[in-house]
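A quick write-up on the structure given underneath.
The values are calculated or read from the model by the stated rules, or taken from the named source; none is laboratory data. Predicted model only: the values in this text are computed from it and were never measured. FYI the Cβ positions are ideal-geometry reconstructions off the backbone, even for glycines, and counts take in every protein chain you see. To get the accessible areas, we keep the full protein, side chains included, count just its heavy atoms, and leave off ligands, DNA and RNA. Shrake-Rupley method; radii C 1.70, N 1.55, O 1.52, S 1.80 Å.
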Amino acid sequence: MRFEDKIKKIKLSPKKWKETKNLDSLYDSDFFGKAENIEQYLEKTRKGKECYPHTDFKTVREIFLYATEKYKDNVLFLEKYNKKAPFTEISYGQFAEDVLSFGEGLSRSLKLKGEKVLIIGETTYQWYVSYMALLCGAGIAVPVDKELPDNELEMLINRSDVRGVIFTPKKKKSVHHVAKNCPNVKYFIEMYSSDHDEDGFVGFDFVKNDGSFLRDISEPILLSEEIDPDAFALLIFTSGTTSNSKGVMISNSNLAYNVNAITAFVDLHPDDRLLSVLPLHHTYESTVGFIYPMAMGASVTICQGLRYIVSDMEETSPTSIIAVPVLIEALYKKINKAIEKSGKAGTIKSAISFTNGLKAMGINVKRKVFQDIYDNFGGRLRIFVSAAAPIDPTVGKWLEDIGMTFLQGYGLTETAPIAALTPDFDRRVGSAGMPVWCDEIKINDANDKGEGEIWIKGKTVMLGYFEDEEATAEVLNDGWFNSGDLGYIDKDGFLYITGRSKNVIVTQNGKNIYPEELEALLNQKDEILECMVYGKEVPKEKELVVTVRLIPDYKAIEEKYQVSEEELNEEELEKILWKAIKEVNSNLTNYKTVKRMEIKHGPFEKTTTMKIKRFAELQKEEY
């Protein structure tokens, strides 16, 4: 099911929005209470423009040991194992035991210490345990998209030379299907299983229990060696698994400094709770939505799925959510639609105007006024973080108008991921935030408007691309990483993104589509002589449409279909080419598939090294 289809299943009840006692009494003389209550509101909302004291962690293991000891009895995760039962609470102390035992089992029972281990599946508690055990020293983590087709999963396993695969029960069929073609994998470990087969398939619980036993009878080895903060610890592939995809090598230090960077800009406390919606192989979720709140002693609700977002919020009362723009915009539309059906749209519009006026005078009572809205989402929601792609500023402004803290993060997988972030004490809707304190950002080759390529240097920048020195050299120059994005920095130091110089196509829900990957596959088809893939802006389409501009191989078509170029009319040509494109699409995940075709008559404009001049081609008006 497509991401957009899943969002449609999110349900909001208009009836709930009719209970708006605060809004109805907004203009009552006693609404604000005593004068000292106003001062309390001011103290909570009036903050200085200086950063908060930041943490100074060097490794993820350091964060793990600190947090699980300091917050041992606090709740870290809430997961629902039965839809008819309440959420199960899992403490920091229990998490520590599970991580250390599973990590010991990986290291000693399975002898995978130092090896690359792939994790695939939906978000579960045991996904978190697996990831943390590897980052604490059991091996190199390779988290991948659970939606990878079997052929891509197989190629990625072999390309990255992983020796272990950890998977959820829902991925069992796929993993068994590819296992026979992955001879270097020693163990396939199924979460929520205690099995111990002889063919290399073992249960997660078997490995964990074995590790627990070994910890009891002898000196553990998981934590016996110091972790080199700058050593290769995490491998994340930027796209699919063809030869053109890039494996980003991340260090413990990259991740730890992401946490250090965020603590300077966002004030999170142990009583905060995040709703985990994004998939965990996404660097925003695994770093900002997991390691960071853990460092702060906060808790994480594991969302059951998009259709359960509202009910999960009602049940667990999160204070924060990290989401991609398409999800935030969908929630925004559904909220306003429910408000309109309740007949309260006019009241809320007036309340926004009134409270904005008060806020301009230093009196912020938005949370009290709009508490009725918050009650529909558990009552405590205060922070929305938009990540991975641009968002409509109207949405961010509306969230701020009802008293929400709306933050935007900027970065890439190559910065693990945060390079810039909105300070919660100085928010600018439309900006990507300010450069974090441990990174520098400069605008390279800026034009007369100050706009140019965004280059990043500092503690969050990757080690390089896995087994690809040439690609690494193309983006790293004297420590500066060329993001491929275009933007400018205003006089106050806020970064604004204006476009992309890279070819990558970013979808509304944060997925990256790399044209070179699709071109390599399309160029394998006999019918296509040469092609260029790009994201096309189409009227009334919110997403860029994945489009291929191609030159037909008429000679190959003539031989294959027994038809001459003269006999081949435009309609028949299109049918033949679309057949070839569909054959490629059949092996791709839906968001990557080519949706539009343009037939080019004549050669592409090229450089002296025979590379297509993409910018020049896209300026042509023949299509």
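If I ask for residues that are in contact (Cβ under 8 Å) with a residue 60 or more places away in the chain and either buried (at least 17 other Cβ atoms within 10 Å of the Cβ) or more than 30 Å from VAL545 (Cβ to Cβ) (or both), which ones from region 470-483 would you list? Talk me through it step by step, then tell me what you get.
First, the residues of region 470-483 that are in contact (Cβ under 8 Å) with a residue 60 or more places away in the chain: 471, 475, 481, 483.
Result: VAL475, PHE481, SER483.
Selection of strands (runs of 3 or more DSSP E) fully inside region 381-469 by the criterion of at least 3 residues being touching a residue at least 12 places away in the same chain (Cβ under 8 Å) and farther than 28 Å from LYS333 by Cα returns 439-444, 452-458. If you go through region 54-89 and keep only what is more than 27 Å from ALA231 (Cα to Cα), part of a loop (DSSP other than H, G, I, E, B) and not aromatic (Phe, Trp, Tyr), you end up with LYS72, ASP73, ASN74, LYS80, ASN82, LYS83, LYS84, ALA85, PRO86. Summed over region 430-463, residues that are among the charged types (D, E, K, R), within 11 Å of TYR488 (Cα to Cα) and either crowded, with 17+ Cβ neighbours inside 10 Å or modelled with pLDDT of 95 or more (or both) total 3. Please state which one of VAL533, VAL538, VAL563 is of a type in the set (A, V, I, L, M, F, W, C) and assigned to a strand (DSSP E or B). Step by step, each of VAL533, VAL538, VAL563 is checked, and only VAL533 is of a type in the set (A, V, I, L, M, F, W, C) and assigned to a strand (DSSP E or B).
In summary, GLY379 fulfils each of the numbered conditions (1) under 20 Å from the mean Cα position of the chain (by Cα); (2) at pLDDT below 95; (3) open to solvent by 10 Å² or more (accessible area, probe 1.4 Å) with the single exception of condition (1).
Among the candidates GLU414, GLU467, single out the residue that is under 30 Å from THR59 (Cβ atoms) and more than 20 Å from the chain's Cα centre (by Cα). None of the others qualify; the one that does is GLU467.
Considering only residues that are more than 29 Å from TYR591 (Cβ to Cβ) and surrounded by 16 or more Cβ atoms within 10 Å (Cβ to Cβ), which ones fall in region 562-575? If the condition is that a residue be more than 29 Å from TYR591 (Cβ to Cβ) and surrounded by 16 or more Cβ atoms within 10 Å (Cβ to Cβ), then VAL563, LEU568 are the ones that fit. Annotation note: of GLU190, GLU225, the sole residue that is acidic (Asp, Glu) and open to solvent by 80 Å² or more (accessible area, probe 1.4 Å) is GLU225. Entry remark, region 387-406: residues being in contact with a strand residue (DSSP E or B) (Cβ under 6 Å, 6 or more places away or on another chain) and under 24 Å from LEU234 (Cβ atoms) number 2 in total. Quick check: anything in region 90-110 part of a strand (DSSP E or B) and open to solvent by less than 10 Å² (accessible area, probe 1.4 Å)? No, the conditions are met nowhere in region 90-110. For PHE232, the criteria (1) surrounded by fewer than 17 Cβ atoms within 10 Å (Cβ to Cβ); (2) over 29 Å from the mean Cα position of the chain (by Cα) hold in every case but one, which is (2). For region 126-173, taking the residues that are within 17 Å of LYS111 (Cα to Cα) and part of a loop (DSSP other than H, G, I, E, B), the one that is least open to solvent (accessible area, probe 1.4 Å) is identified as VAL162.
Do you know which of the residues in region 576-603 that are surrounded by fewer than 14 Cβ atoms within 10 Å (Cβ to Cβ) and part of a helix (DSSP H, G or I) is nearest to the chain's Cα centre (by Cα)? Of everything passing the filter in region 576-603, ASN590 is nearest to the chain's Cα centre (by Cα).
Being farther than 22 Å from PHE494 by Cβ, modelled with pLDDT of 90 or more and surrounded by fewer than 18 Cβ atoms within 10 Å (Cβ to Cβ) is not true of ARG427. If you filter region 293-351 down to residues that are assigned to a helix (DSSP H, G or I) and of a type in the set (S, T, N, Q), you find that the one that is nearest to LEU275 (Cα to Cα) is THR316. Filtered by the rule that a residue be over 20 Å from SER299 (Cα atoms), open to solvent by 50 Å² or more (accessible area, probe 1.4 Å) and in contact (Cβ under 8 Å) with a residue 24 or more places away in the chain, region 311-339 gives TYR332, LYS334, LYS337. Scanning region 486-520 for residues that are among the acidic types (Asp, Glu) and either in a strand (DSSP E or B) or open to solvent by 10 Å² or more (accessible area, probe 1.4 Å) (or both) turns up ASP490, ASP492, GLU516, GLU519.
Cβ-Cβ distances below 8 Å connect the following pairs, each with a first residue in region 50-76 that is within 20 Å of PHE265 (Cα to Cα), a second residue that is in a loop (DSSP other than H, G, I, E, B) and among the small types (Gly, Ala, Ser), and a separation of six or more residues or different chains: ALA67/GLY297.
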